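A short write-up of the structure that comes next.
The values are calculated or read from the model by the stated rules, or taken from the named source; none is laboratory data. Since we're looking at a predicted model, the values are computed, not measured. Here Cβ is always computed from backbone atoms with ideal geometry, including for glycine, and neighbour counts include all displayed protein chains.
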Amino acid sequence: MASLGEQTQQHLHAHPQPHAHALPRQSARALFCPLALLPDGWQHDVLLRWDDSGRLIEISARSAPGTAAQASGPVIAGMPNLHSHAFQRAMAGLTEVMGSPSDSFWSWRKLMYRFAQRLQPEHLQAIACHLYIEMLKAGYTSVCEFHYLHHAPGGSPYADRAELALRLMQAASEAGIGMTLLPVLYQYGGFGGQPGSQEQARFIATPDDLLALRERLLHALPENPMRRYGAAPHSLRAVSPQGLEELVSGLRQQPGGRDAPVHIHVAEQWREIQDCLAWCGQRPVQLLLSLQEVDARWCLIHATHMDQGEYLDLAASGAIVGLCPTTEANLGDGIIDAGQLLQSRTPWGLGSDSNIAINPRSELRLLEYGQRLQHRRRNVLASEASPATADRLFAQAVAGGAAASGRAVAGLAVGQQADFVVLDGDDVNLADRSPGQLLSALVFCEHDGQPIQDVYVGGRQVVSAGQHPLQDDARRAYRRAIAELLKD
């Protein structure tokens, strides 16, 4: 019998689907949009064309529809999701009971570790497939999966060390979402090389392990327009300076490694700042910038707690900041000074992180509302040049998410993937708005239902009339997995 890796490779090359209602092999390669949001603003009568690889080759405003299919509502770019831990979707709602008066990220982490011990490969695949379909229906058209669950319970490696990574790739393929997989290096339990706990045994690896895993993935499923492989040192508390250098330098030697995305958690919690200062006398972002030549291929996840010098130095590096407002609020992390981030022109994007919420619009809304609560004024993240808050945030989140993905998913422009969303033109909160009001209504109005009608990824329609062809099968598999995981 073929191994999972062989099965996955055959599946992704041949595109068979194991469900009754499979995704179409190829949608028509053109769409006429009566209204579309292009990089220079809303345009009428826009014709989109893409090639066999799903890359946009023509975008023409004031065009005639010809024989192209016609969008039923306004068209906007799909949103890249730059940070996800897929398995944590199955934990949603399970950690919302007070364990102690000092509940924090650190107490949440203990519960997450316990949950992770129960996961089997089939559970991970079922959770991820259902999650990725949810993402598509919400308007995320690609995802960066920060993947640190490598081993079997207890820490023993699987016969194929890429077992769980391949399960995620299989799930992404079945759902039809673009994927940047980021295998995570997790060496230690804390700053200074503290040993990992038994609960962290499923995560622990060496730089050589991670580089070998990426090579295995490149061999089993070579990169293409729909998938990319980067690497992720988990955090400065979990990776030593030497391990960080070994991973980054080793990545450069691999195919596609010189410009592969590198993501890292940094400065998420205040205790992390204090522990880092106690260990080396530097703050985490300051330390990272001193250890590595951080540049535009790096994505710093959270970066919540920075001082003035770190904001300035990070902006000069060109690195992306990954903001996850719902998860950061849920964990009590704190609020980044997003106004300073935007003022310094630091690129940023959105992540769903722990996946308790799958909605890029609510992430944008919470990002702005956090600033309003902190500064006690409105439209904090607008500017004189971009006075419409939603428009400014949406454009920057798409651009930053694409940069963090290392894939051509930066919106409706020639050379980018044909990843886009058709809004419901009959939605009561969108139907009578002018083009200049649409994104404001989309982001800052809580909709009764899903305002997204159709979703295209790489030119292939994966959601039609708000429905995904695999959603019922995926829901059943997800429920089976949850039932097994929650058994006493």
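Here are the numbers:
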| quantity | calculated |
| --- | --- |
| For Phe146: the one exception among (1) surrounded by 24 or more Cβ atoms within 10 Å (Cβ to Cβ); (2) in contact with a helix residue (DSSP H, G or I) (Cβ under 8 Å, 6 or more places away or on another chain) | (2) |
| For Leu131: the one exception among (1) buried (at least 24 other Cβ atoms within 10 Å of the Cβ); (2) modelled with pLDDT under 95 | (2) |
| Residue check, Tyr369 more than 22 Å from Ala404 (Cα to Cα) and aromatic (Phe, Trp, Tyr) | yes |
| Residues that are closer than 11 Å to Glu268 by Cβ, of a type in the set (Gly, Ala, Ser) and not in a strand (DSSP E or B), drawn from the range 299-354 | Ala303, Gly332, Gly334 |
| Any hit, the range 258-266, residues being assigned by TED's automatic domain parsing to the domain that holds His150, more than 24 Å from Leu149 (Cβ to Cβ), basic (Lys, Arg) and part of a helix (DSSP H, G or I) | no |
| Test for Ala201: is it of a type in the set (A, V, I, L, M, F, W, C), crowded, with 22+ Cβ neighbours inside 10 Å and either closer than 26 Å to Arg118 by Cβ or not assigned by TED's automatic domain parsing to the domain that holds Ser107 (or both) | no |
| Close pairs from the range 453-475: first closer than 18 Å to Ser142 by Cα and crowded, with 23+ Cβ neighbours inside 10 Å, partner among the acidic types (Asp, Glu) and modelled with pLDDT of 95 or more, Cβ under 6 Å, at least 6 apart | Val457/Asp419; Val463/Asp454 |
| Matching option when the condition is closer than 24 Å to Ile127 by Cβ, within 23 Å of the chain's Cα centre (by Cα), in a helix (DSSP H, G or I) and among the basic types (Lys, Arg), among Arg475, Arg407 | Arg475 |
| Condition met for Leu367 (surrounded by 23 or more Cβ atoms within 10 Å (Cβ to Cβ), in a helix (DSSP H, G or I), in contact with a Leu (Cβ under 7 Å, 6 or more places away or on another chain) and modelled with pLDDT of 95 or more) | yes |
| Sole residue being over 17 Å from Met135 (Cα atoms) and touching a residue at least 12 places away in the same chain (Cβ under 8 Å), chosen from Ala338, Ala316 | Ala338 |
| The one condition in (1) in contact (Cβ under 8 Å) with a residue 60 or more places away in the chain; (2) not assigned by TED's automatic domain parsing to the domain that holds Tyr140 that Val428 fails to fulfil | (1) |
